[in-house]
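Worksheet: the structure to be examined is printed underneath.
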Amino acid sequence: MIQAKSVVGLSGVIIVLCSVACSLGIFSFLGWEATLIVIEVVPFLVLAVGVDNIYILVQALQKDPPKSVSQVPQQISIVFGRIGPSMLLSACCETVAFSLGAMSSMPAVRNFSLYAALAVFVNFLLQCTAFLSVITWDLKRQMSGKYDCFCCLGNQDSERSSNRKGVVSVVIEKYWAPALFSSKCIRGAVVALFFFISCASIGMMNRIEIGLDQTVALPTYSYLGDYYRDIFSQLRVGPPVYFVFHNNDYTWQRFPKRTAQDEICMGRSCNSSSALNFLKRQSQISNYSTIATPPNSW
C-alpha cells in the first residue's frame, strides 16, 4: 500500500482531461467548431501520447529516490532536469505533427488537428507543473510511511522506500535481452520477421476501404444510428448516376422526324433499343444491375 501509485496515475488521467477541456475552451472562445469526433477521440489520443512522460518521470524517480523527506524537492529537480529536455522535445514534435493537419482543406480534419495539437501541448505544461506537485506530495507520503489512498494512515515501521526492480525489468534484463542478442541467427530472424510483416502490410493496403460509415461516427445510444441502419437495409436508393451524351444535337429543329431522339427517349413511341429503355430494363434486373429506378430524360 505504501509503494502503490494509484493516486499518481489518477492524477495523470485528470491532467489529460484538464488539457482537453482547456483546448476545447480556447478554440470555442475563438469560434472554431468542435465535432463529435473531437470530443470522443482527442481525450484518448492525448492520454496515449502523453502517458509516456508520466511513466518516464515516475520510473526515473524510482531508480534514483531521495534519501530523506527534506531531499524530495531537490531530487525531483535533479531528475526532471535530466529527463525534462526529452519530454520537451517529444511534446514539441507531437504538437508540430498535429499542427500540420491544419493545412488540410477539410474543415473537420483541420479542427481536429488544431484541437489535438493544443491539447498535447497543454498536457505537457500541466505535467511540468501540476503533475510534479503531485509526485512531490506522493514521495513525501511514501517517505513518511503513509498509505497510498489513505494518507492519514500509515505504518512507520514498514519499508518506506524500495529499490527493488519490477517484474518487467527483471524479465527484460535477465531473460529477454540476453536471448535476443545471444546469436546472429536470432537477430537475423528478427530482422527478417519485421521485413516480412512490413511487406505484407504494404501489400494489404489496397484492401482499405476509403470513407467513413455514418453509423461508425455516431455513439451507440444515438437515434440516428437506427435511422441510418434502416435506410441501408430497407431503401434501395443510392447516389444518383448520370448518363451524358456528348457532341450530339438532339433538338427538334435539327431532327424534325425525331430519328435521333428516338434513340435516347423512353416510352411506347420510342425504339425498344433506345438508351433510356435499355436502362429501364436494367433497373428491373435487381440481381444483375445496381440501378434502382428507371431513368428520367432531361
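Before moving on, here are some points about what is shown:
- Overall, the accessible surface of segment 1-118 at a probe of 1.4 angstrom is composed of carbon and sulfur to the extent of 74 percent.
- Protein-only accessible surface order, largest first, of Thr95, Thr35, Thr220, Thr129 at 1.4 Å: Thr220, Thr129, Thr35, Thr95
- Largest-first ordering by accessible area, 1.4 Å probe, given options Tyr228, Tyr115, Tyr242: Tyr242, Tyr228, Tyr115
- Over all pairs of different C-alpha atoms, segment 55-123 has a mean inverse distance whose reciprocal, the Kirkwood radius, equals 14.1 Å.
- For Leu88, net neighbour charge (Lys/Arg +1, Asp/Glu -1) across residues whose Cβ lies under 14 Å away: -1
- Residue by residue, segment 193-199 carries 3J(HN,Hα) couplings of 5, 5, 5, 5, 5, 5, 5 Hz when phi is fed to the Karplus relation 6.51 cos²θ - 1.76 cosθ + 1.60 (θ = phi - 60°); x denotes Gly or Pro.
The values are calculated or read from the model by the stated rules, or taken from the named source; none is laboratory data. Given the structure is predicted, the values throughout are model-derived calculations rather than measurements. Reconstructed Cβ throughout: ideal geometry from the backbone, glycine too, with neighbour counts over all protein chains shown. The accessibility values were calculated without ligands, DNA or RNA, using every heavy atom of the protein model including side chains. Shrake-Rupley method; radii C 1.70, N 1.55, O 1.52, S 1.80 Å.
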